[in-house]
Amino acid sequence: MSFFVSRAVSRAPTQDRADIFARGETAVLVVADGAGGIGDGAAAADLVLERARDIVLDPNFDLLAPTRWTTWMKELGAEVKRVGESTVVVVVLTPGMLVHASAGDSEAWIVEPTGVVKLTKRTPRLGSGSEAPHVAARGELAGRLVVATDGLFRHAPHEEILRLVRTEKFGAVGDALVALAGNADDVAVLVAER
């Protein structure tokens, strides 16, 4: 894998999940945040990660085709609905290309030295019955990628997120972001760079 990824998750128990999967030179970063009070949020988030792992392992699933991710999320939404609801952000990193897909209010940002590119848009969660995933592709990753549940983006000042991502040593940045979010909500964070 041509990318470095750092993972951090806040206190246990949590309904937030984060994992990294690989197929050859392609890295697939996934965060999921099960909705509390709507079924079993933890089971919903676990299901999202299990299904993401399954498609990464399926050589017939084209990881770089945005339309495949749209279809996958809509189909997964029906399955998640049986246990609850969950957000999801998937970012596929491969040399020369980045594909991202999301549903819910978890986010993905590319933090550059002087700016930030917000990849995700808020849409209904998986399991809501009105899934409308946001999916797109762009060129190669330039900067640090932050993929996290809403506990980070809702409770930490955005200026401080950007400062930490730009200045913190790579191996410590995930834990620093979780600490910055405090204890108001659980958080799962993935940070990647080339």
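Scanning segment 160-181 for residues that are of a type in the set (V, I, T), in a loop (DSSP other than H, G, I, E, B), within 22 Å of V9 (Cβ to Cβ) and open to solvent by less than 50 Å² (accessible area, probe 1.4 Å) turns up nothing.
Residue-wise test of (1) closer than 25 Å to P66 by Cβ; (2) open to solvent by 20 Å² or more (accessible area, probe 1.4 Å); (3) touching a residue at least 40 places away in the same chain (Cβ under 8 Å); (4) assigned to a helix (DSSP H, G or I).
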site: S6; (1), (2), (3), (4): no, no, yes, no
site: A18; (1), (2), (3), (4): yes, no, yes, no
site: G37; (1), (2), (3), (4): no, yes, no, no
site: A43; (1), (2), (3), (4): no, yes, yes, yes
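Remark: pairs (first residue in segment 50-67, without any contact (Cβ under 8 Å) to a residue 24 or more places away in the chain; second residue in a helix (DSSP H, G or I); Cβ separation under 6 Å; 6+ apart in sequence or on different chains) = F61/I55; D62/R68. Return yes or no: is E131 under 23 Å from S86 (Cβ atoms), out of contact with any His (no Cβ under 7 Å at 6 or more places or on another chain), surrounded by 14 or more Cβ atoms within 10 Å (Cβ to Cβ) and at pLDDT below 95? Here the answer is yes, as E131 does meet what is asked. When the criteria are applied in full, V56 meets the requirement of being open to solvent by less than 20 Å² (accessible area, probe 1.4 Å), among the aliphatic types (A, V, I, L, M), at pLDDT 95 or above and more than 14 Å from the chain's Cα centre (by Cα).
Take L141 and decide whether it is buried (at least 19 other Cβ atoms within 10 Å of the Cβ), out of contact with any Ser or Thr (no Cβ under 9 Å at 6 or more places or on another chain) and part of a loop (DSSP other than H, G, I, E, B). Please lay out each step first, then the result.
Numbers: buried (at least 19 other Cβ atoms within 10 Å of the Cβ): yes; out of contact with any Ser or Thr (no Cβ under 9 Å at 6 or more places or on another chain): yes; part of a loop (DSSP other than H, G, I, E, B): yes.
Yes.
The values are calculated or read from the model by the stated rules, or taken from the named source; none is laboratory data. Predicted model, so just to flag it, every value in this text is computed and none were measured. Backbone-built Cβ (ideal geometry, glycine too); neighbour counts: all protein chains shown. With ligands, DNA and RNA removed, areas are computed over all heavy atoms of the protein, side chains included. Shrake-Rupley method; radii C 1.70, N 1.55, O 1.52, S 1.80 Å.
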